[in-house]
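The values are calculated or read from the model by the stated rules, or taken from the named source; none is laboratory data. Everything numeric here is computed off the predicted structure, so don't read it as measured data. Cβ placement follows ideal geometry from the backbone for every residue including glycine, while neighbour counts extend to all protein chains displayed.
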Amino acid sequence: MLILLLLASALVLLALLFLRLGRLHRLIEERDGRLEQRIEREVRGLFHQLESYSFLRDRLDLRQGLPYSRNWSASPDFLKLIAEHCLEARPSVILECSSGLTTLVLARCCQLNGQGRVYSLENGEEFAVTTRGHLHRYGLDEYATVLHAPLEGHRVNGRDFSWYALSGIPDQTIDMLVIDGPPGFIQRHSRYPALPLLFGRLSGSCAIFLDDAARQDEREIVESWKKEFPAIRHEFIRTERGCSLLRRGPVRD
């Protein structure tokens, strides 16, 4: 009798073991499947960025290459997006919130267009110096001005924000606005003040590019802008970090 009980217990343990092994096998298969999908997404994303980088290198003909860094620089697909617009629309005045590789790319587009100038608001003096150095090295000084614009207090629609000083912004109509700052860690909805403070300076055909638009903060900012400025039309463009393109009037397909 004891032997039968021990045998039955052993069979039950074996059955439980096989069930557990079956579950583990399914979990491993699911994990491997997810890992494979993630690898495929990463490879596709990398290929897309390489394509965008190649476009920038060839179309802009920057013989020295691009001083690219993945730490702070805009992604190549976002740079390609703003370069294509600048080359097609040929804006006269471009205002940029932040500075860096975007400044260099847009200045080169203005040089190729034979017209236009970029004005970049940069709150960090050291970053402003670095960007000016890149512009000088590439011979693009006359197509871009990097303004040291420290963050200062602004009261916008009942809320307090730290945003760029407005004193250095030229008194000209803005044809293209690129928003890639201030950094999000400074405050919630850090880039929200851009449109309320600058809307009156935008031309009727001004295109507004908001980088990092896939982030929750930026999504909320865009929703606020759409409510406050009903004439604005919005299109979300899938880039590595997401881009929101906003215009006065219908957005072209």
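Tally time: how many residues in segment 81-94 are aliphatic (A, V, I, L, M) and in contact with a Lys or Arg (Cβ under 8 Å, 6 or more places away or on another chain)?
Count: 4.
Give the residue that is surrounded by the fewest Cβ atoms within 10 Å (Cβ to Cβ), with candidates limited to residues of segment 237-249 that are touching a strand residue (DSSP E or B) at 6+ places or on another chain (Cβ under 9 Å) and under 18 Å from residue 79 (Cβ atoms).
So, considering only residues that are touching a strand residue (DSSP E or B) at 6+ places or on another chain (Cβ under 9 Å) and under 18 Å from residue 79 (Cβ atoms), the one surrounded by the fewest Cβ atoms within 10 Å (Cβ to Cβ) is 237.
Consider residue 87 carefully, then state whether it is under 14 Å from residue 55 (Cβ atoms) and crowded, with 18+ Cβ neighbours inside 10 Å. Walk me through how you get there before you give the answer.
Values: under 14 Å from residue 55 (Cβ atoms): yes; crowded, with 18+ Cβ neighbours inside 10 Å: no.
Judged against the criteria, residue 87 is not a match.
Please pick out the residue among 29, 51, 84 that is assigned to a helix (DSSP H, G or I), farther than 19 Å from residue 138 by Cα and modelled with pLDDT of 95 or more.
Only one candidate passes the filter, namely 84.
Does segment 177-215 hold any residues that are in a helix (DSSP H, G or I) and either surrounded by 15 or more Cβ atoms within 10 Å (Cβ to Cβ) or in contact with a helix residue (DSSP H, G or I) (Cβ under 7 Å, 6 or more places away or on another chain) (or both), and which are they?
Those that are in a helix (DSSP H, G or I) and either surrounded by 15 or more Cβ atoms within 10 Å (Cβ to Cβ) or in contact with a helix residue (DSSP H, G or I) (Cβ under 7 Å, 6 or more places away or on another chain) (or both): 184, 194, 195, 196, 197, 198, 199, 201.
Determine whether segment 5-20 contains at least one residue that is part of a helix (DSSP H, G or I), at pLDDT 70 or above, farther than 30 Å from residue 241 by Cβ and basic (Lys, Arg).
Among the residues of segment 5-20, at least one is part of a helix (DSSP H, G or I), at pLDDT 70 or above, farther than 30 Å from residue 241 by Cβ and basic (Lys, Arg), which makes the answer yes.
Look through 215, 238, 201 and report the one residue that is in contact with a Gly (Cβ under 9 Å, 6 or more places away or on another chain), in the same structural domain as residue 174 (by TED's automatic domain parsing) and basic (Lys, Arg).
215
Can you say whether residue 165 is of a type in the set (Gly, Ala, Ser), touching a Pro at 6+ places or on another chain (Cβ under 7 Å) and on the phi < 0 side of the Ramachandran plot, as far as the supplied structure shows? Steps first, please.
Details: of a type in the set (Gly, Ala, Ser): yes; touching a Pro at 6+ places or on another chain (Cβ under 7 Å): yes; on the phi < 0 side of the Ramachandran plot: yes.
Criteria met by residue 165.
Based on what the data block shows, is residue 61 within 25 Å of the chain's Cα centre (by Cα), at pLDDT 85 or above, of a type outside the set (A, V, I, L, M) and on the phi > 0 side of the Ramachandran plot?
Against the criterion (within 25 Å of the chain's Cα centre (by Cα), at pLDDT 85 or above, of a type outside the set (A, V, I, L, M) and on the phi > 0 side of the Ramachandran plot), residue 61 qualifies.
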